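Visitor: Quick one: the structure is below, questions incoming.
The values are calculated or read from the model by the stated rules, or taken from the named source; none is laboratory data. It should be emphasised that the depicted structure is a prediction, and the values quoted were computed from it without experimental measurement. Neighbour counts run over all protein chains shown; Cβ positions are idealised from the backbone, glycine included.
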Amino acid sequence: MSKIVTRAEVKEVLIKWQQGDIDAKYVNDWAGNLYPSTEVDYDDWEPDDSNSITNEVLAALDMLDMNLLTVEDIPAYVEFLNTPQGDFNKANAKLQRYLRSIDISERKKKLAQIKIYAPFCD
């Protein structure tokens with residue numbers, strides 16, 4: 001039987017990270033244990049079964065170190081998780097615009113001394 005991961009569960013982890021109760025390594029490890037896995041499914045597949053916001057956010061959290069995702073990005077991901085069913089494409093486009101707006105060079109400078117991000121800041 002598959003474990004069902006919900007948007008609420010992912011949002012709870014993001015909020016704990018935002019509040020400082022857990023750190024980026026914990027979030028990265030947590031997501032890595034769930035994504036990708038044949039033992040995990042999501043309760044929010046779009047009607048055509050091609051997209052799941054929960055799946056997309058878990059994928060991002062699984063790669064948060066190499067993508068330099070930080071606490072600053074949590075509001076954008078929470079907004080994405082709050083998207084009504086059926087609005088995946090519109091919400092994903094908005095998230096992608098946000099992600100493209102990040103100054104990666106500047107972020108690399110800020111994160112270069114943080115162990116989890118350091119290998120990706122060269």
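Visitor: Sort out which residues of segment 87-118 are more than 23 Å from residue 26 (Cβ to Cβ), touching a residue at least 12 places away in the same chain (Cβ under 8 Å) and more than 18 Å from the chain's Cα centre (by Cα), and write them in order of number.
Guide: Within segment 87-118, 109 is the sole residue that qualifies.
Visitor: Is it the case, given these coordinates, that residue 106 is surrounded by fewer than 18 Cβ atoms within 10 Å (Cβ to Cβ), closer than 14 Å to residue 14 by Cα, of a type in the set (Asp, Glu) and modelled with pLDDT of 95 or more?
Guide: Details: surrounded by fewer than 18 Cβ atoms within 10 Å (Cβ to Cβ): yes; closer than 14 Å to residue 14 by Cα: no; of a type in the set (Asp, Glu): yes; modelled with pLDDT of 95 or more: yes.
In short, no.
Visitor: Now a separate question. When you scan segment 15-48, how many residues do you find that are within 18 Å of residue 72 (Cα to Cα), buried (at least 18 other Cβ atoms within 10 Å of the Cβ) and out of contact with any Asp or Glu (no Cβ under 9 Å at 6 or more places or on another chain)?
Guide: Of the residues in segment 15-48, 1 are within 18 Å of residue 72 (Cα to Cα), buried (at least 18 other Cβ atoms within 10 Å of the Cβ) and out of contact with any Asp or Glu (no Cβ under 9 Å at 6 or more places or on another chain).
Visitor: With the requirement that a residue be part of a helix (DSSP H, G or I), of a type in the set (Gly, Ala, Ser) and either in contact with a strand residue (DSSP E or B) (Cβ under 6 Å, 6 or more places away or on another chain) or more than 23 Å from residue 122 (Cβ to Cβ) (or both), what does segment 82-106 give you?
Guide: Taking segment 82-106 and keeping what is part of a helix (DSSP H, G or I), we get 88-101, 104-106.
Imposing the further condition that a residue be of a type in the set (Gly, Ala, Ser) reduces the set to 91, 93, 101, 105.
Result: 91, 93.
Visitor: Given the condition more than 30 Å from residue 121 (Cβ to Cβ) and among the β-branched types (Val, Ile, Thr), answer yes or no: does some residue in segment 14-27 qualify?
Guide: No, the conditions are met nowhere in segment 14-27.
Visitor: In segment 37-74, how many residues are more than 22 Å from residue 89 (Cβ to Cβ) and not in a helix (DSSP H, G or I)?
Guide: Selection size over segment 37-74: 9.
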